[in-house]
Each structure stands twice: as C-alpha cells, then as structure tokens.
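See below for the structure under consideration.
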Amino acid sequence: MTSTMDEAVHAGHRRGSRQFRRITIAMFASGLATFTVLYCVQALFPAIAADFHLSPATVSLVLSVSTLTLAIGVIPLTTLSESLGRTRVMIASLTATAVLGVLVPFAPNLTLLLVMRALQGFALAGLQATAMSYLSEELHRESLGAGMGLYIAGNGIGGMLGRVLAGVVVDFGSWRLAIGAVGLLAVACTIVFALLILPSQRFAPKPLRVRPLIGSIGTALRDHGLLRLYLAGFLAMGAFVTVYNYLGFRLLRAPFHLPHAVVSLLFVVYIAGSAASTIAGRLVDRFGRPRMLWSMAICTIAGIVLLAFGNLVLIIIGLVLFTGGFFATHAVASGWVGARAAVLAVPGAAIYLFCYYLGSSIGGTLGGVWFADSGWGGVTGYIGVLFGLVVLLGLTLIGLKPLRRS
C-alpha cells in the first residue's frame, strides 16, 4: 500500500483526485489575487489623477512601478524558490501582497502610494516565479494541462475582476474604497490558498548558485530566436497596457461622457483574450508558431484601427479584436520561448516575463506621453508602430530552425 502511494506521489497528482482539486483551487485563488491586485488601479486612473492633480502619464506610474518591480523580482525569486521551496515562497508572496493591499488605500500622498505599489509588485513576483514550476512538479503530466488551465483562468479572471470591481466601487465611493475592496479580496484568496495548498512532495531543493544562473542567462541572450521573442513580448505588452491605461480617460470625456461603472465593464472583453489564447494554441498545432505569430499581430493591428474611430460600437469591436489578438500573440510567443528554452536548459520563461513586464512599465508610461501630447490619435500611432514591429519580428522568425536535444 505504501509503495503504491509513493509511486502516485512520484508520478504526480491526477485529475479527479482530492489532492488535484486542492492544488488547483488554491492556485486558481492565487492567480485571482495576483492579477486583481496588480491591475485594479487601471480602472481608477482618472479618479487618482483627479485626487492628486496628475497627468495621465504620471498617474500610470501607479501601475508601472508594480510591473517594474515584478519584472526585477522574477529571476532572483525563481532562483530563491529553488532553495527555499515553492510553497514557502508562494505563501510569503501572497501574504505580503494581501497585507500591502489593505494598507495601500491609506497612502496619504503619491510618493507613499508608489512605494507601496512597488513593494506589491516585488511581492507578486514571488508567485509568478514559482507557480508554474510547482504545478509542473506536483501534477501528473497527463493532468498538467488541466491544472495549468485553471491557474491561467484565475489569472485572466483576476485581471478582469480587479478592473471591473474597482471601476464599479469607485462610482459609488472613492478610489481608496475601491482598492480597499480589492485588498480584502486578496486577503480572502490568500487564506484559501494557505488552507488548501499541499506541501511540495516532488521538489528537490538546490543550493543557491549565482554563477551558473548568470551563465544560463547569458546562453539565453545569445540565442537570436529567443532575443526576438523577448522583444516581441516587450513591444506587445507595452501596446496592450497603453490601451487599457488611457482608454478610460478617453471614454469619460467628450463626446462619450460614460460613467466609471460603464467604462469598467469594458474590461469584460478579457474573456475574448482567454478564448483567443485557447484558439491560438490549437492553431499553432496546425499552422506552426512562425505563421501564427505575425498573423495574430496583424489581427491586433486591425483592432487598433477600429479603436481610432469615434463610434462607441466600433471602439468595442476594436477592443475585442485588439485584446484577443494580443492574448493570442502572447500565447504563441511565450509558448515558443518555453519550448526553445527547454532545449537550451535556460530560464527562458523567467527572462520572457522580465521583458514582458518591463514592456508594461516603460511602454505604458511612454503611451501616456503620447496621449498627453497628441490625444488618442497619438496613442493609435504609437501602439500601431509597436505592433508593426511585432509583425516584422514575426516575419524574421519564419525561417528560424527549431533546436534539437543533443
């Protein structure tokens, strides 16, 4: 009996088992907390800007500092989790995030608000750095797809829920109340996670070694295919966060004059992103990553064109196309990085996440400069150029030869 149980643990938990349900519910809650906290402020930019008398570019720093510290923290915290253990790092990450989530609404000025948001971003990096590794180790390979799917669903729903919840609450109260509501949700998710997550049973701790890590990063950066994929993620995320940072400002102003609650409901189009990611994964199997990357980027550009119009219906259609195209592009690029990095035995996913969130910080803030100087027309040109470069990168990757294990 003991031998059978040991074999089951060694193989990983299968779908349908009590352990699988506990792990996946816990990871769903962690993804929900992470992306609810990270992106809830996007719906609150106009209210925060009005309270502190800020420009759109300046108020975008409330998100940019979080994604910047998240980017900075991903690689070192990935390495730290190899030594301290996955569950320990994840619980510490979520606990710190939840505590800061409750404190952020009490920030008396912009400086302290930015400091707290920066700390939140670094704390969130702990979960982003370890979640997928934990699932890969603890779940049976035949059940890993389902487990990953539920975790990513928590990410997507969290990103949508944070924006919608904050946008609705701010219409009836203040941005501080809205962030407080999201903070309490993060506390609840953290409790669920801590109660349900199972300790790692297939994890083998490794000593901290900085030199091999630096060497593997160098190997990854010398691969021209990975470099182009990292740049594609950087550019795509810069364009994506720009749209969601500043579209609310546009729709609250003339000629639309929409209320906060209605504007926040537009974030429901994130559902299109989740669907597009799934569809893109299936199409990759049929048409291949090289063809899919540039073609999905072109679909995103079609959405950018529709977003330029002054008709609300066309804007909504454009937002659906843009969101779906972005998520499909990201799914193809990140999956390609994972496959290529696995052959090279390098931390490709961590480097991709670093570039991805760095693109959010830099690209989103620069988008605010264009919005302030040239209005939505400037934003359209800016994000159009970014995704035009993604198309060009995709075309240069058509002839990229797949790596083979030696």
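Laboratory data are not the source of any read-out in this text; all were calculated from the coordinates shown. Keep in mind it's a predicted model, so treat the numbers as computed, not measured. Cβ coordinates were reconstructed from backbone atoms using ideal geometry, including for glycine residues, and neighbour counts include every protein chain displayed.
A viscosity of 1.002 mPa s and a temperature of 20 °C, combined with the Kirkwood radius over Cα pairs in Stokes-Einstein, give a translational diffusion coefficient for region 215-399 of 128 µm²/s. Only helices enter this figure: runs of n ≥ 4 DSSP H residues, each worth -39500 (n - 2.57), summed and divided by the residues of the chain, yield -28500 deg cm²/dmol at 222 nm to the nearest 500.
Taking the longest Cα principal axis of the chain as reference, the axis of helix 18-39 is set at about 30 degrees.
Given in Å, the Rg to one decimal and the Dmax to the nearest whole number for the Cα atoms of the chain are 20.8, 71. Taking the C-alpha atoms only, the angle from helix 348-396 to the longest principal axis of the chain is near 10 degrees.
Region 80-121 has equivalent-ellipsoid semi-axes of 26, 10, 4 Å, by the square roots of 5 times the alpha carbon gyration tensor eigenvalues, sorted largest first. Relative to the longest principal axis of the Cα atoms of the chain, the long axis of helix 175-196 lies at roughly 10 degrees.
Taking 0.36 nm per residue of separation and subtracting the Cα-Cα distance, full extension of the segment from Ile279 to Ser374 would add 30.6 nm.
Taken over region 62-149, the percentage of Cα pairs per 10 Å bin, counting from 0 up to the bin with the maximum distance, is 18, 40, 28, 11, 2, 0. Under a Gaussian network description of the chain, with springs only between Cα atoms under 10 Å, the residue in Pro199, Pro290, Pro207 that fluctuates furthest is Pro207.
A Stokes-Einstein calculation at 25 °C with viscosity 0.890 mPa s, built on the Kirkwood radius of region 122-276 over Cα pairs, returns a diffusion coefficient of 128 µm²/s. With equal scatterers on the alpha carbons only and no solvent term, can you work out the Debye log10 of I(q)/I(0) for region 18-208 at 0.11, 0.17 1/Å? Values, matching the q order: -0.47, -1.02. Net charge in the neighbourhood of Ala29 (other residues with Cβ under 13 Å of its Cβ; Lys, Arg +1, Asp, Glu -1) is +2. Specify whether the C-alpha gyration tensor of region 158-241 places it in the rounded, prolate or oblate class, a ≥ b ≥ c being the square roots of the eigenvalues: rounded for a/c under 1.5, otherwise prolate if a/b is larger than b/c and oblate if not. The shape class here is oblate. A straight chain from Arg291 to Ala308 at 0.36 nm per residue would run longer than the Cα-Cα distance by 3.4 nm. Between Ser174 and Ala188, what length in nm is gained on full extension when 0.36 nm per residue of separation is reduced by their alpha carbon distance? Stretched out fully, the Ser174 to Ala188 stretch lengthens by 2.9 nm.
Here region 42-91 is treated as a sphere whose radius is the Kirkwood value from Cα pairs; by Stokes-Einstein at 4 °C and 1.567 mPa s it diffuses with a coefficient of 100 µm²/s.
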